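Chemist: Have a look at the structure that comes next, please.
Only the coordinates and a few stated rules stand behind these numbers; no lab work does. None of these values were measured; they are calculated from a predicted model. Note that we place each Cβ from the backbone using ideal geometry, even for glycine, and neighbour counts take in every protein chain shown.
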Amino acid sequence: MSARDRILGRLRAAAPRTAPAAPDVHTLYEALHRPTSRTERVARFCAQMTGWRGEIVRVTHANWVDTLRGLCAAKGVNSLLYGPRGVHGEALAAAGLSVLRPYDRPVDTWKEELFERIDAGFTSTRGAIAETGTLIVWPDAAEPRLLSLVPPIHFALLDAGRIHDTLFDAICAEGWGSAGGTALPTNALLVSGPSKTADIQQTLAYGAHGPKELVILLLDETPAEAGTDPATPTTEARP
Amino acid sequence: MTARHPLQFVPAEEFKARTRAATDDAHLRQSFRSAMDFLMAKRAAQFPDDSALQRQRETAEAIRRYSLARLPELLEQLERRLTANGVHVHWAENGDEANAIIIDIARRHSAKLMVKGKSMVSEETELNHAMEAAGIDALESDMGEYIVQLDGEKPSHIIMPAIHKTKQQIARLFAEKVPGVSYTESVDALIGIGRAVLREKFMQADIGLSGVNFAVAETGTLCLVENEGNGRMCTTVPRVHVAITGIEKVVEKLEHVPPLYGLLTRSATGQAITTYFNMISGPRKPDEQDGPEEVHLVLLDNNRSQAYADEQMRATLQCIRCGACMNHCPVYTRIGGHAYGTTYPGPIGEIISPHMMGLAATHALPTASSLCGACAEVCPVKIPIPDLLIRLRGEATHDAPAGRAPLLGQGAAKSRLMDAVWAGWAALYTRPALYRAFAWLATRFRALTPPVQSGWTASRTPLRPAPRSLREQLAERRRAHR
Ligand code: SF4
């Protein structure tokens, strides 16, 4: 008999014959106080994210690439890694940013360069969570996982219309991993600020292993008009 | 108090000696006192509304109880889904089996270096020792774990492994052990040193090891909670990722995760969320540029199934390892994590270690509690820790009831003397004539009470009967008033 069969055998012999009813998670979240407008939701996200030391820069479709160019210059970024096949890859390439470096080959062939010679990484985001000031990052073949981890600065473009109130809302609205919903990628991520640690005498230090800075380019075309948007989850198709 | 030898045995006498040494160490007590005060205040600030907190705890408890009730089928579902996703699933009865599985994987890849994200289960199996014996370097990469490993120690807290160390101690340690580093007390500089050393290792490592905070059966997803990014490094950069977890960590659906995750981070360090929440569902796909080519999951029992078999003790497995029970424990705060001599210290360690290591080795642990109930009050999944402590005290001092299999080490703390004392007590208190005779004798001959009464008089005045029993005093008073 294998370890598997022995362990499962013991558990089966001991498992209660009737399982309790499935936990009611929805009720818990229904009782939450929620933002009542899109403006409030965006404001909440920004306040929380700023609390995690994420930097928020408001941009429009027309100016985000130039803003990014300016930020790179201001932060002394000489190499900006991006996914050329990513949703914003074409826009970036077309803008002719001199610092752009494509992440277009397996990491194994250029690990040292990635770790030692890249100043910043750029990714899209799937959305965000207002309650906790959290980005939802969905790496894939076009935008690899290490883009948001290895370079010391992480730039992330976020569409303000895709901010959910809570993680639970995001999972339910998009049906993460459920039949007919959104398939989970190899590695889905939530990111709330730059990497940090408090392991030395509870003193907070940033840039433990991952990025030391997280900059969110917040794409928000809607002029601030409170109350126009009912508090429904934002579930438009991915850009 | 360094623990170079594997922590496999905790003889009661040694535990007592260590607690004495720990309480005499003013430095250590100061470290823990201030760290625990800090963590308690941060947690409290996260839960301003008690009724909301109670609703969250009830939901979290319901999720854990539901998951445990269906544990065997959820484990099978998890295995099926992970396998379909391309993850290799292994099962281990005990720590040695788990280590052997991991060493075997390492050997197949001719691995020389393994980088480790934070994993208490790998501490439980003493994986680092086993890897070392097999000639493979195992390097801890969580800053706190890196620090304690560099000093040849073990974590003293499950969330903050180096909580017992001051920054001066860490500064000295780095200056001594890290080549080319001079003494600095700047925390930013110290973290920078760790970052530089470990980045080098992430690049070189052949295998990355991680723990698992939640395993989702329906989607075949391994969830990891962390702030530093070392967990993401370990699970993304090396060619092989091995995750190890206890069999109890599984939940059915992804939507069951948010309430647990929200309570975990708030209870642990008073954070609304951690920097990273990593949901891994498989190895690198053919068109992807990074991520491990191979992902393994090791499911470890290590006698968790013994706790599972008992309806009351099954609650032990609800634990999500937030560490709040130790942060709020007056005993833990005074003796620190190392005194326990087990992987899991504090209240959760006192109720889980007897299953993992047997009561023969651990029967003193459930007695290291004043039963004040602080642990149960803060536990986010409502484990009735004091009830379980009392239960384990009983199991340690009695045989198993007829018809029930004995626990590992059942009755290990049985003492003839104590049994005789209780039998005598029962006889005395159920026979009035005998009781009166005893009271008369005890009060008349009180001068004969020994001045040294074993452990009692070590720090207290001796117990001595009153000159007259209460009954006699009352009778006298009645006579006087007549
Ligand atoms: S027993 Fe409860 S309080 Fe203690 S670590 Fe586990 S979940 Fe946290």
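Chemist: For the Cα atoms of chain B, what angle does the longest principal axis make with the long axis of helix B:167-177, in degrees from 0 to 90, nearest 10?
Modeler: Helix B:167-177 and the main axis of chain B meet at about 50 degrees.
Chemist: Separate question: May I ask you to derive the FRET efficiency for B:ALA272 and B:TRP422 from their Cβ-Cβ distance with R0 = 45 Å, giving the value to the nearest 0.05? Write down the numbers at each step before the final one.
Modeler: Working: r = 50 Å, r/R0 = 1.12.
About 0.35, to the nearest 0.05.
Chemist: Taking a 23 Å limit on the Cα-Cα distance, which of the listed pairs B:LYS112/B:LYS201; B:LYS112/B:LYS165; A:LYS196/B:LYS201; B:LYS154/B:LYS382; A:LYS111/A:LYS212 fall beyond it? Walk me through the intermediate numbers first.
Modeler: Values: B:LYS112/B:LYS201 11 Å; B:LYS112/B:LYS165 30 Å; A:LYS196/B:LYS201 19 Å; B:LYS154/B:LYS382 28 Å; A:LYS111/A:LYS212 19 Å.
Pairs exceeding the cut-off: B:LYS112/B:LYS165; B:LYS154/B:LYS382.
Chemist: What cysteines in chain B have no other cysteine with a beta carbon less than 4.7 Å from their beta carbon?
Modeler: B:CYS223, B:CYS234, B:CYS319, B:CYS322, B:CYS329, B:CYS372, B:CYS379
Chemist: May I ask for the distance between the Cα centers of the range B:92-107 and the range B:169-214, given as a whole number of Å?
Modeler: 27
Chemist: I would also like to ask the following. Highest mean first, what order results for A:149-157, B:41-49, B:185-193 on Cβ atoms within 10 Å?
Modeler: Numbers: A:149-157: 24.8, B:41-49: 13.4, B:185-193: 17.8.
The densest-packed peptide leads the list: A:149-157, B:185-193, B:41-49.
Chemist: If you take the beta carbon distance between B:GLU14 and B:THR367 as r and set R0 to 22 Å, what does 1/(1 + (r/R0)^6) give as a FRET efficiency, to the nearest 0.05? Numbers along the way, then the final one.
Modeler: Details: r = 14 Å, r/R0 = 0.65.
Efficiency, from the Cβ-Cβ distance: 0.95.
Chemist: Enumerate by residue number the trypsin sites (Lys or Arg not before Pro) in the range B:71-178 meeting two conditions: DSSP loop (anything except H, G, I, E, B), and at most 12 other Cβ atoms within 10 Å of the site's Cβ. Walk me through the intermediate numbers first.
Modeler: Details: sites: B:ARG80, B:ARG81, B:ARG107, B:ARG108, B:LYS112, B:LYS116, B:LYS118, B:LYS165, B:LYS167, B:ARG172, B:LYS177; in loops: B:LYS112, B:LYS118, B:LYS165.
Listed in order of number, the matching sites amount to none.
Chemist: Please express the Cα-Cα pair-distance distribution P(r) of the range B:152-309 as a list of whole percents, one per 10 Å bin, running from 0 to the bin with the greatest distance.
Modeler: Computed distribution, short to long bins: 9, 29, 35, 20, 6, 0.
Chemist: Just in the range B:380-459: which trypsin sites (Lys or Arg not before Pro) are loop by DSSP and have at most 15 other Cβ atoms within 10 Å? Present the calculation step by step, with values, prior to reporting the outcome.
Modeler: Numbers: sites: B:LYS382, B:ARG391, B:ARG393, B:ARG404, B:LYS414, B:ARG416, B:ARG436, B:ARG444, B:ARG446; in loops: B:LYS382, B:ARG404, B:LYS414.
Answer in residue order: B:ARG404, B:LYS414.
Chemist: Shifting gears a bit: What length, rounded to one decimal in nm, is gained on full extension from B:TRP456 through to B:ASP137, with 0.36 nm per residue of separation minus their alpha-carbon distance? Don't skip to the answer; put the middle values down first.
Modeler: Numbers: separation 319, 0.36 × 319 = 114.84 nm, distance 4.88 nm.
Computed gain between B:TRP456 and B:ASP137 is 110.0 nm.
Chemist: Something else now. Other chains' Cβ within 10 Å of A:22-30 residues: what's the mean?
Modeler: 6
Chemist: Okay, next question. Percent antiparallel among DSSP beta bridges with both residues in the range A:36-236, to the nearest 5?
Modeler: Numbers: 8 of 33 bridges.
Around 25 percent of the beta bridges assigned by DSSP in the range A:36-236 are antiparallel ones.
Chemist: Could you identify which residue out of A:ALA141, A:ALA47, A:ALA170 has the top mean-square fluctuation in a GNM of chain A using Cα springs shorter than 10 Å?
Modeler: A:ALA141
Chemist: Next up: Can you give me the Cα centroid spacing of the range B:59-73 and the range A:42-110 in angstrom?
Modeler: One Cα centre to the other: 42 Å.
Chemist: Then there's this: Measuring from label point to label point, each 7 Å out along Cα→Cβ, what is the B:ALA26 to B:ALA402 span in nm?
Modeler: 5.9
Chemist: May I ask you to derive the relative contact order of the range B:419-480, considering only C-alpha pairs under 8 Å and at least 6 residues apart, and to give it as an integer percent? Walk me through the numbers on the way to the answer.
Modeler: Values: 28 pairs, mean separation 17.0, N = 62.
Reported relative contact order: 27 percent.
Chemist: Can you compute the FRET efficiency between A:TRP110 and B:LYS177 using 1/(1 + (r/R0)^6), with r the Cβ-Cβ distance and R0 = 45 Å? Round to the nearest 0.05. Before the final figure, lay out the partial values.
Modeler: Details: r = 31 Å, r/R0 = 0.70.
Between A:TRP110 and B:LYS177 the formula returns 0.90.
Chemist: Now, a different point. Per 0.36 nm of contour for each residue apart, how much would the distance between B:LYS112 and B:LEU463 grow if the chain were fully extended, relative to their Cα-Cα spacing? Please list the in-between numbers first.
Modeler: Working: separation 351, 0.36 × 351 = 126.36 nm, distance 6.28 nm.
The B:LYS112-B:LEU463 span can extend by a further 120.1 nm.
Chemist: Still on this structure: Of all the stretches in chain A, which is the longest one without any exposed loop site, taking GluC sites (Glu not before Pro) in a DSSP loop (any state but H, G, I, E, B) with at most 12 other Cβ atoms within 10 Å?
Modeler: Working: sites that count: A:GLU221, A:GLU225, A:GLU236.
It works out to A:1-220.
Chemist: A follow-up question, please. So, in Å, what gap is there between the alpha-carbon centers of the range B:263-327 and the range A:123-166?
Modeler: 23
Chemist: Once both labels are modelled 7 Å past Cα along the beta-carbon direction, what's the B:ARG334-A:ARG6 spacing in nm?
Modeler: So the two model labels end up 4.1 nm from each other.
Chemist: Okay, next question. Which stretch or stretches of the range B:363-384 have amide N atoms under 14 Å from the point lying 7 Å from B:GLN54's Cα along the Cα→Cβ direction?
Modeler: B:377-378
Chemist: Which shape class applies to the range B:49-305: rounded if a/c is under 1.5, otherwise prolate when a/b exceeds b/c and oblate if not, where a ≥ b ≥ c are the square roots of the Cα gyration tensor eigenvalues? The partial results should precede the final answer.
Modeler: Numbers: a/c = 1.79, a/b = 1.24, b/c = 1.44.
Because a/c hits 1.5 or more and a/b fails to exceed b/c, the range B:49-305 counts as oblate.
Chemist: Can you give the % of DSSP beta bridges in the protein assembly as shown that are antiparallel, to the nearest 5? All intermediate terms of the calculation are to be shown ahead of the outcome.
Modeler: Details: 21 of 72 bridges.
Antiparallel bridges make up about 30 percent of those DSSP assigns within the protein assembly as shown.
Chemist: Next up: With 31 Å as the limit, write out which pairs from B:LYS118/B:LYS285; A:LYS75/B:LYS42; B:LYS116/B:LYS253 have Cα-Cα distances beyond it, or answer none. Please list the in-between numbers first.
Modeler: Values: B:LYS118/B:LYS285 26 Å; A:LYS75/B:LYS42 33 Å; B:LYS116/B:LYS253 27 Å.
From B:LYS118/B:LYS285; A:LYS75/B:LYS42; B:LYS116/B:LYS253, over 31 Å: A:LYS75/B:LYS42.
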